[in-house]
Structures are given as C-alpha cells and as structure tokens.
Amino acid sequence: IIQEREGEWTSNEMIEILGFRIPAFFVYGSQGPELLCDFITNFQTKSDDVFIVSYPKSGTTWMQEIIWQIYNNGENTSKNIFERVPFLEFSTSPILGEFADIAKVPSPRLMKSHLSYSIIPKGSSDGAKCKYIYIARNPKDVAVSYFHFTVSLRSFGNGYNGPWEFFSKLFIDGNVGWNKWNDHVQGWWKHKDDPNVLFLKYEDLKKDLPSQVRLTANFLNKPLSEDIINRIAEQCSFNGMTKDLSRYTVRFNEGQTSILRKGVVGDWKNYFTPELNERFEKEVLSKIEGTGLEFDFEL
Ligand code: A3P
C-alpha cells in the first residue's frame, strides 16, 4: 500500500482510505487519496438517497439496474449503468469518463458503494434517514468472480497477472480491494433489521427474481404492478442484461471490461481444489457460523 507519491498514481498500487484498501487508480491523477477521504467523510446524505452497497463482485451491478428500473417504472435504457447510478468511491477521480459525478446527479440519488457499515455516509442535516440496500453473495463465487475481474483489469494496465491459487489466498486474508469479505458482510448483517437497511442475497435473486424485485420495490416505497415487476425481472435476468453489454462496460485509457461474465451460482466448483475448499471452510465460513447468515453454494 502506498499513501504518498510524487506525480501520478499508476499501475497496480493500492491506497488506504479510512482503513480501506482500494485500487490507486481510483484517485488516478496527481491529488492522491486525501480528496477522496474528505469527500467520503464530509458527504451529506439526503433523506431520499438510496445506496446500493456490497462487497465487490456480489451482484452490485445487478441491483443497480433493478433499482434504477424500479425508479423508472420498468424502462429499459441503453445508457451506461454508471451514468445512471454513480459509484461513490469513484467520485473524486479526474478520469470519471462514463461515471457520473454525484454532485450533479438529480435526487433521488441512486448510488453504488463498497464501503463498510462503519464508514458509509450516514450524516444528514435534517436528521432524515436514507436507505441502504446491501447485496451479499456466497464467498466462494465472489472470490472466483473477483479473480476474473481483477485479471480483466489488465487491459487498463492495472490488472492482476498472477495465478488463481495466489489470488484465493489474497482474498482469504483480505489483501484485496475493500479488505476482508467476512468483516464487510458481517458488519452489514448486524444491521439487517434496521428499518432503513434491506439485506439481500445473490442466490435468492437467482432463485426467484420477481419476488426479490417486489420486496425491493416495497422497501423503497415504490410498489409496482405485477406487470412491471415481471418486466423488470425479465429485463434484469442475465439474458436480459447481456442483450446490451455496453451498458455494463467499464472503459479506461485504451482498455475495457464487462462486469457481466457468467452469472451463475456454483462456478467455484471449477476452481476450488479440496485443499482450498478446506481452508475456505476454516478461515472464511466458520467465521459466520452462529450469526444466522447462510448462503447457498449451488442451486
Ligand atoms: P460472475 O463473475 O460470477 O459472472 P458486481 O456487479 O458486484 O461486480 O458483481 C458482478 C457479478 O454479478 C458477476 O458474476 C456478474 O456476471 C454477476 N451478474 C451481474 N448481473 C447479473 C444478472 N443479471 N444475473 C446474474 N448474475 C449477474
């Protein structure tokens, strides 16, 4: 982790913001991490703000699309998702590109963030509470998805070029962006019953998307007709979303990558050796035992 440097932030470096490890290219340019740190610390929420929060690779983009469509009565647009639902931690980047500037987004602001419960903006001048929708996914599939995504960032000159075996260890130890899966998910799980928090799981969306869309719409006080719920579920199925992949493409410099890859539950089986599985059970899954938090690892 590098905190200070002369000149530009480049390559694979990580920086730390408020205890969080994030890729240095988020603050690419010359100003370093302080600006982002101040931005997050001083961020003023509004009562109609909606944060879509997750540990990376847990279905964030999926929820961004669902929630945008809930707010837009099932409209299907070709606009890039980050123009519609900006990414909080990318807000101070001088290379915003297609990422919208939160300061210019009209209310109600729908925003994506990977921040932990303890540091996500909560302050509001009028005391009114904004809403948080947290999406969690079984950590074995998260690790595999994270590996592929990090490798795909090589087209930006920022990606990981090591083997899966080593990445899986970085993941278990929390030596990846946004730290340890366990801490993140458990921090939010403790608040699952707060009236302004909705805790969802990727695997439940895979099992029955219309019911999860309905649940989310009701939580947001946007009850929708069954027709619109079914339309949103169809448009937001993996097939529906892959019809126009350019909406979920991230572009930097000369490179680009798509956030949609395989979209299944259980891909981990193609990557986990019995040894890795054992280590995962011991170091990741045993930590959530007794918390009531459980995941499906296949459907
Ligand atoms: P895979 O890499 O396993 O395919 P995030 O948006 O948090 O970065 O998560 C990305 C993961 O969510 C990717 O997982 C992506 O394919 C999956 N995903 C995105 N939209 C989806 C959808 N409509 N249905 C199922 N999975 C989806």
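The values are calculated or read from the model by the stated rules, or taken from the named source; none is laboratory data. All figures in this text were calculated on a predicted structure; none of them were measured in a lab. Neighbour counts run over all protein chains shown; Cβ positions are idealised from the backbone, glycine included.
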Among (1) under 23 Å from Phe20 (Cα atoms); (2) without any contact (Cβ under 8 Å) to a residue 12 or more places away in the chain, the one test that Ser145 misses: (2)
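Any chance you could count how many residues in the stretch 70-98 are among the β-branched types (Val, Ile, Thr) and either within 20 Å of Tyr132 (Cα to Cα) or within 13 Å of the ligand (Cβ to nearest atom) (or both)? Let's see the steps before the verdict.
First pass over the stretch 70-98, keeping only residues among the β-branched types (Val, Ile, Thr): 70, 77, 81, 85, 92, 95.
With the extra rule that they be either within 20 Å of Tyr132 (Cα to Cα) or within 13 Å of the ligand (Cβ to nearest atom) (or both), the set shrinks to 70, 81, 85.
Selection size over the stretch 70-98: 3.
Each row is one residue, and each column tells you yes or no for (1) farther than 24 Å from Thr291 by Cα; (2) away from the ligand (no atom under 16 Å from the Cβ).
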{"position": "Val142", "(1), (2)": "no, no"}
{"position": "His148", "(1), (2)": "yes, no"}
{"position": "Gln186", "(1), (2)": "no, yes"}
{"position": "His191", "(1), (2)": "no, yes"}
Qualifying positions in the stretch 49-93 - assigned to a helix (DSSP H, G or I) and among the acidic types (Asp, Glu): Glu65, Glu83, Glu89
Single condition Ile67 does not satisfy, out of (1) within 16 Å of the ligand (Cβ to nearest atom); (2) out of contact with any Ser or Thr (no Cβ under 8 Å at 6 or more places or on another chain): (2)
Selection from the stretch 108-135 of residues that are in contact with a helix residue (DSSP H, G or I) (Cβ under 6 Å, 6 or more places away or on another chain) and more than 20 Å from Phe82 (Cα to Cα): Ser116, Tyr117
Test set (1) crowded, with 20+ Cβ neighbours inside 10 Å; (2) over 15 Å from the mean Cα position of the chain (by Cα); (3) of a type in the set (Gly, Ala, Ser); (4) under 26 Å from Ile228 (Cα atoms) - Gly59 fails condition number: (2)
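Being of a type in the set (A, V, I, L, M), modelled with pLDDT of 95 or more and more than 19 Å from Gly123 (Cα to Cα) is the filter here; which residues of the stretch 22-66 pass it?
Within the stretch 22-66, the first condition is being of a type in the set (A, V, I, L, M), and the residues that meet it are 22, 24, 27, 35-36, 40, 50, 52-53, 63, 66.
Those still in the list that are modelled with pLDDT of 95 or more too: 50, 52-53, 63, 66.
Within the stretch 22-66, Met63, Ile66 qualify.
Assess whether Ser113 counts as being touching a residue at least 40 places away in the same chain (Cβ under 8 Å) and in contact with a Cys (Cβ under 9 Å, 6 or more places away or on another chain).
Values: touching a residue at least 40 places away in the same chain (Cβ under 8 Å): yes; in contact with a Cys (Cβ under 9 Å, 6 or more places away or on another chain): no.
When the stated conditions are applied, Ser113 does not pass them.
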